[in-house]
Number of protein chains: 2
Amino acid sequence: MPRWIEEASKRRRYLVGVSGGADSVSLLHLLHRSGFGSLVVCHLDHGLRGEESREDARFVEKLAKSLGYAFEGGRVEVAGLARGEKISVETAGRRARHAFFAACARARRCRRLVLAHHGDDQAETVLWKLVRGSRGACGMGESQTMVMGGLEMEIIRPLLEFRRAELRQWLEQENLSWREDPSNAQAIAVRNRIRNEALPLLEDIAKRDPTEALIKAANSDAELRQIEAWAVEQADVIDPQSRIHLPKLRTHPEVIQRACLFSYLRQAGVSGVTRSLVDRALSLTDPESPPVINLPGGRALRRRAGRIWVA
Amino acid sequence: MPRWIEEASKRRRYLVGVSGGADSVSLLHLLHRSGFGSLVVCHLDHGLRGEESREDARFVEKLAKSLGYAFEGGRVEVAGLARGEKISVETAGRRARHAFFAACARARRCRRLVLAHHGDDQAETVLWKLVRGSRGACGMGESQTMVMGGLEMEIIRPLLEFRRAELRQWLEQENLSWREDPSNAQAIAVRNRIRNEALPLLEDIAKRDPTEALIKAANSDAELRQIEAWAVEQADVIDPQSRIHLPKLRTHPEVIQRACLFSYLRQAGVSGVTRSLVDRALSLTDPESPPVINLPGGRALRRRAGRIWVA
């Protein structure tokens, strides 16, 4: 049984995203069997498969009721949304899901959302983010805070340690049914090509399963980021007025100075902190440099009397 | 001009690996134009292309002499070596090169070796290591220590920030010649498939150049590892007798304890430190656990009186 499922409070309320596919149906049954008493099953019909989509929704609603859980259903014409806003179907689907989950969270006064992403999803995400230029082999967190539809939500992914095939096998063993190919706008185009073309090609080249390797890479990347956060804390460069104390900052190696500046800018709410922004921030540590750097959103990073701060 | 080439002492002696291909020929000319006065051009004929291989060697020797540099040539029948030792041609080629470079280092009393790996090589390495299960998006270092043929060598790769196409373009601009397809056992099978199949497929899926993204990932991974090394230093868990001081270790979060144990085991010369070994080492921090853990190579990790050490 996944660790989070074992350890979490069973009486707390959680939203659970359930498409009706094998992954989320496994998740729901696992939560049910572990004694979770107050779940809200949330299903968004993306309207991408016509009558099939409606049957997915009915299947999930029935399943929720049979397990004694509340149900929240929604329906969006994702394809039309994508055309109307000139965005990809994936992006439209993600926006629609976020808005839907936020609406469920408001209606049910619960900001905890459990999702069924598993190890194969994790591997696909790592590879995808990597070729798009993310920092390191960054995957999805088992527990992370995310803003959805303006609401800060806690996302929990208890199945990251399981493989897709394991979940299916378990459902079959237990004689539990699910819907094949539920309407899931995420599982289109790019993600499918990563899954059906890129990963098999890499497996053929490496003569081993790259998915396990990518999951492992995501785990060690998550560890390295925890180490980074600890290092920033140890570096102890923030003064009582929440500004960066320059004489202290300068005692550290450049790589630590960068990490501190990155973390400070993020925490100051500066959006889209890039490497080149951190480079410019680093230039402020030189007392001979101009004392102000413009930030996105009309804000600025200033240096005065041995301190740096966002104003 | 690459930073290392600008900053390095021009009077020091360096070995330079030159196959005769565009990459290493660019490197040699760049070093020459920057005033490096005491290079030893090292060329190993892998014997993989018959008469062509010999012409590569003659080309490199002539080039070295024309630039006023010393030349060290060697020849190995890599294919025969691979058959005889039942290893892949890549592995045989790597071993032969390492032995050759070590011999050059001994003959010339110089352990600094400059190699022509560039950004495309870096991206291929990252992807390759990643699907084989390395820790994070780990690439080649711009400067790293490596044991070759029993000798500790300093490897320098000044061209990692350049792309293959840039180097070729520069050679053409400058009217400099090179050998196409020099005998390089590294550029076989797996690496070729990563280059010619995996990267183009990922580019087609992502609609952007994954090579840049992979280089970026390698750079941030290298930074995270520097941060980790700094964090281990800050954790300050080593006592004056070079043992781990358990009460101090226990004050840190688990992820830092792991990093400290990993680093300690590596520095104690334990080979092949895996995650599961670190897990077992971590169990020693529990005073109720058995006080000895066997290590590879007949050694052991012991706990006594609040200390852990390799014996």
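The values are calculated or read from the model by the stated rules, or taken from the named source; none is laboratory data. Bear in mind that the values here come from a model prediction, so they are computed numbers and not experimental data. All Cβ positions, even for glycine, are placed from backbone atoms using ideal geometry, and neighbour counts span all protein chains on display. Areas reflect the complete protein model, heavy atoms only, side chains present, ligands, DNA and RNA absent. Shrake-Rupley method; radii C 1.70, N 1.55, O 1.52, S 1.80 Å.
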Kindly give the distances from A:Arg12 to its copy-mates, label point to label point, with each label point 7 Å from Cα along Cα→Cβ, as nm values to one decimal ordered shortest first. 5.5
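Let me know the volume per residue of the alpha-carbon convex hull for the stretch B:155-311, in Å³.
Working: hull volume 30.4 nm³, N = 157.
Normalising the Cα hull of the stretch B:155-311 by residue number yields 194 Å³.
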Between the stretch B:164-183 and the stretch B:79-128, how far is it from one alpha carbon centroid to the other, in angstrom? 22 Å
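What is the percent carbon and sulfur in the accessible area of the stretch B:3-205, measuring with a 1.4 Å probe over the protein chains and ignoring ligands? List each step's numbers first, then the result.
Values: 4240 of 9170 Å².
Using a 1.4 Å probe with all protein chains present, the stretch B:3-205 comes out at 46 percent carbon and sulfur.
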If you take the accessible area of B alone plus A alone and subtract the pair, what total do you get in square angstrom, rounded to 100, with a 1.4 Å probe? 4100 Å²
When each pair of different Cα atoms in the stretch A:83-167 is counted once in the 1/r mean, what is the Kirkwood radius in angstroms, to one decimal? 14.3 Å
Copy-to-copy spacing for A:Glu51, label 7 Å out on the Cα-to-C-beta vector, in nm, shortest first? 7.4
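How would you classify the stretch B:3-205 from its alpha-carbon gyration tensor, with a ≥ b ≥ c the square roots of the eigenvalues: rounded for a/c under 1.5, else prolate if a/b is greater than b/c, otherwise oblate? Display every interim value, and only then the final one.
Numbers: a/c = 1.34, a/b = 1.17, b/c = 1.15.
Here the stretch B:3-205 falls in the rounded category.
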List of the stretch A:214-238 residues, accessible area with partners at least 20 Å² below that of the chain alone (1.4 Å probe): A:Leu214, A:Lys216, A:Ala217, A:Ser220, A:Glu223, A:Leu224, A:Gln226, A:Ile227, A:Glu228, A:Trp230, A:Ala231, A:Gln234
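Counting Lys +1, Arg +1, Asp -1, Glu -1, what net charge surrounds B:Arg54 among other residues with beta carbon under 10 Å of its beta carbon?
Details: positive: B:Arg49, B:Arg58, B:Arg75; negative: B:Asp45, B:Glu51, B:Glu52, B:Glu55, B:Asp56.
Around B:Arg54, the charge tally is -2.
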Using only DSSP helix segments of four residues or longer, with each worth -39500 (n - 2.57), what per-residue ellipticity at 222 nm results for the protein assembly as shown after dividing by its residue count and rounding to 500? -15000 deg cm²/dmol
For the stretch A:218-223, in order, what is each residue's ³J(HN,Hα) by Karplus, 6.51 cos²θ - 1.76 cosθ + 1.60 with θ = phi - 60°, in whole Hz (x at glycine and Pro)? 5, 5, 6, 4, 4, 5
Check cross-link reach from B:Lys207 to the lysines: straight Cα distance under 29 Å, and skip same-chain residues fewer than eight apart. A:Lys86, A:Lys129, A:Lys207, A:Lys216, B:Lys129, B:Lys216
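Listed highest first by mean packing, meaning other Cβ atoms within 10 Å per residue, what order do A:138-148, B:150-160 come in?
Final packing ranking: B:150-160, A:138-148.
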Mind checking which of B:Gly80, B:Gly298, B:Gly20 has the largest fluctuation in a GNM of chain B, springs on alpha carbons under 10 Å? B:Gly298
Which residue, chosen from B:Val126, B:Ile238, B:Leu115, occupies the Cα position most advanced towards the positive end of the dipole of chain B, where the dipole is computed from +1 (Lys, Arg) and -1 (Asp, Glu) charges on Cβ about the Cα centre? B:Ile238
Note down, for the protein assembly as shown, the three equivalent ellipsoid semi-axes (square root of 5 times each alpha carbon gyration tensor eigenvalue), biggest first, whole angstrom. 47, 31, 28
Using Cα centres only, tell me the gap between the stretch A:1-78 and the stretch B:2-45 in whole Å. 62 Å
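Leaving ligands, DNA and RNA out of it, report the carbon-plus-sulfur percent of the accessible area of the stretch A:236-310 at a 1.4 Å probe. Let's see the in-between values first.
Working: 1990 of 4010 Å².
Carbon-and-sulfur percentage of accessible area, whole number: 50.
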Tell me the distances, shortest first, between A:Ser289 and the same position across the other copies, using label points 7 Å along Cα→Cβ, in nm to one decimal. 4.4
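Could you tell me what fraction of 2.2 N^0.38 Å the Cα radius of gyration of the stretch A:37-104 comes to, as a two-decimal ratio?
For the stretch A:37-104, the normalised Cα radius of gyration comes out at 1.19.
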Gaussian network model of chain A, springs between alpha carbon atoms under 10 Å - residue of A:Asp221, A:Asp286, A:Asp181 with greatest fluctuation: A:Asp286
Assigned charges on the beta-carbon of Lys, Arg, Asp, Glu; chain A dipole about Cα centre (debye): 1260 debye
For the stretch B:236-310, convex hull of alpha carbons as volume per residue, Å³: 84 Å³
So what is the accessible area of the stretch A:3-205 per residue, in Å², with the probe set to 1.4 Å? 45 Å²
Among B:Arg95, B:Arg83, B:Arg164, determine the one that fluctuates most according to a GNM of chain B built with springs between C-alpha atoms less than 10 Å apart. B:Arg83
